[in-house]
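These notes concern the structure reproduced below.
Taken together, the values in this text are just the output of simple stated rules run on the coordinates, not laboratory data. Quick caveat, the model's predicted, so the values are computed rather than measured. Here the Cβ positions follow ideal geometry from the backbone for every residue, glycine too, while neighbour counts run over all protein chains shown.
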Amino acid sequence: MTPLRLTRTLLATALAAVLSTAAQAQNDKIKIGLMLPYTGTYAALGTAIENGFRLYLDENGGKLAGREVEFFKVDDESDPAKAPENANKLVKRDQVDVLVGTVHSGVAMGMAKVAKDTNTLLIVPNAGADAITGPLCAPNIFRTSFTNWQPAYAMGLVAAEKFKHKTAVTLTWKYAAGDESVRGFKEGFESKGGKVIKELSLPFPNVEFQALLTEIAALKPDAVYVFFAGGGAVKFVKDYAAAGLKDKIPLYGAGFLTDGTLEAQGEAANGLFTTLHYADDLPLIKDKAFRFAYAKTYKLQPDVYAVQGYDAAQLLAAGLKAAGGDIKKRDAVVQGMRTAKIDSPRGMFTMSKAHNPIQDIYLRKVDNKMNRSVSIAVKQLEDPARGCKM
Ligand code: PHB
């Protein structure tokens, strides 16, 4: 072979290799690591998130922006101590392209650390830990849910301004989500002249509420604000009513208190006011279609967690689309996600600079097993993203 022909052959071989790698990247399935609670007090929340995510896929021929997907799943058990190992399993063993999770703030912070250390794309479909889009914010970390501050701050404003309460007692599980929720409520409530007179708590996920309810009865505040969710929220709302407090001291909460829980809470939840970025009767075409499709597919009513899972899939699809379907083109994926306008069942939302939804927070009232929207408590509320440098 002449030197010229040899060079030509080598060039052709190299080109073919590059083209085939590119084609491979286009053909490989997008590997999605779902790290969610499938057991424990938040089990139903994890399932709803996965259902929502899969519903978006179903609506798009099983694909995300034209790409096939493959799921890898871990039950995180809402246990922060196991978070690094669980997240690393997905990233290092299964080599996922993107991590999607989770519900519990403490676990999500562990995931965020792994995502940062390994530069893995992370989409948080629930956990509200303020730090994730605060001091821990990063180009590869996004959230399709809320910060713990958002609904809580709105409830603080509403409790003082609309309901004219002067004093409140707070009660929550003692961990990041509860602490931040109480802090957000207090900020809103006290900025309008209210006073939190006592902050009560118990360890996550305990449900021994009796002594705390006795203490609340003795303190006689104008109002009680709580953060509970999942199985714990079901028990708390029932215990509050059974203790005879419901008609004496109005109970408020971030909307998780009554979301995905109403069947089990029954009459005990009726009439409760909460604030959240979703309600069950929004006058939106998108939401009506979503609720119909979800109920048809899963024989279950959707809740806020299902919406957040659905939107996690929508957000990832927006990023992939911007990158021509190539998840490895990280800058393009991130740019597509940052600038996405998500047509969510909750209403349109965009991402803040810290990658957290800027969204309306609704005041809702439980009526006949539905969280009905009463008003918009705060329009287009953006988390202050304290400590985020990006
Ligand atoms: C959280 O830990 O951030 C959390 C858990 C359950 C919720 C909301 C927030 O419903």
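Worth a mention:
- Using C-alpha pairs below 8 Å separated by at least 6 residues, the relative contact order for the chain is 18 percent.
- A cut-off of 5 Å between modelled amide H atoms, ignoring neighbours fewer than 5 places along the same chain, links LYS174 with LEU202, PHE204.
- Phi-derived couplings, Karplus 6.51 cos²θ - 1.76 cosθ + 1.60 at θ = phi - 60°, listed residue by residue for the range 269-274: 8, 4, x, 5, 9, 9 Hz, with x used for Gly and Pro.
- The residues SER181, SER352, SER191, when put in order of fewest to most other Cβ atoms within 10 Å, stand as SER191, SER352, SER181.
- Per-residue Karplus couplings for the range 177-183, computed as 6.51 cos²θ - 1.76 cosθ + 1.60 with θ equal to phi - 60°, are listed in order as 4, x, 4, 6, 5, 4, 4 Hz, Gly and Pro entered as x.
- Each Lys and Arg contributes +1 and each Asp and Glu -1, all at the Cβ; summed about the Cα centre of the range 237-297, the dipole is approximately 160 debye.
- The base-10 log of I(q)/I(0) for the range 33-158, evaluated at q = 0.10, 0.15, 0.23 Å⁻¹, reads -0.30, -0.68, -1.40 [Debye formula, identical scatterers on Cα atoms, solvent excluded].
- Going from the residue with the fewest nearby Cβ atoms within 10 Å to the one with the most, LYS238, LYS220, LYS192 rank LYS220, LYS192, LYS238.
- Nearest-0.05 FRET efficiency for GLN335 and LYS116, computed from C-beta distance (R0 22 Å): 0.70
- Shape category assigned to the range 273-385 from the gyration tensor of Cα positions, a/c cut at 1.5: oblate
- Cross-link pairs exceeding 25 Å between alpha carbons, from the set LYS195/LYS220; LYS73/LYS235; LYS286/LYS369; LYS164/LYS365; LYS198/LYS353: LYS73/LYS235; LYS198/LYS353.
- Phi to ³J(HN,Hα) by Karplus 6.51 cos²θ - 1.76 cosθ + 1.60 over the range 356-371, Hz, x for Gly, Pro: 10, x, 9, 8, 6, 10, 8, 8, 10, 10, 6, 9, 6, 6, 9, 8
- Mean shadow area of the range 149-276 over all directions, Cα convex hull, nm²: 6.5 nm²
- The ranking of HIS277, HIS355 by Cβ neighbour count inside 10 Å, starting from the fewest, reads HIS277, HIS355.
- Expressed to the nearest 5 percent, the antiparallel share of DSSP beta bridges inside the range 149-276 is 0 percent.
- In the chain, Rg over Rh equals 1.05, where Rg is the alpha-carbon radius of gyration and Rh the Kirkwood radius from pairwise Cα distances.
- Label-point separation in nm, ALA289 to LYS63, each point 7 Å along Cα→Cβ: 1.9 nm
- Residue of VAL91, VAL237, VAL69 that the Gaussian network model of the chain assigns the largest fluctuation, springs spanning Cα pairs under 10 Å: VAL69
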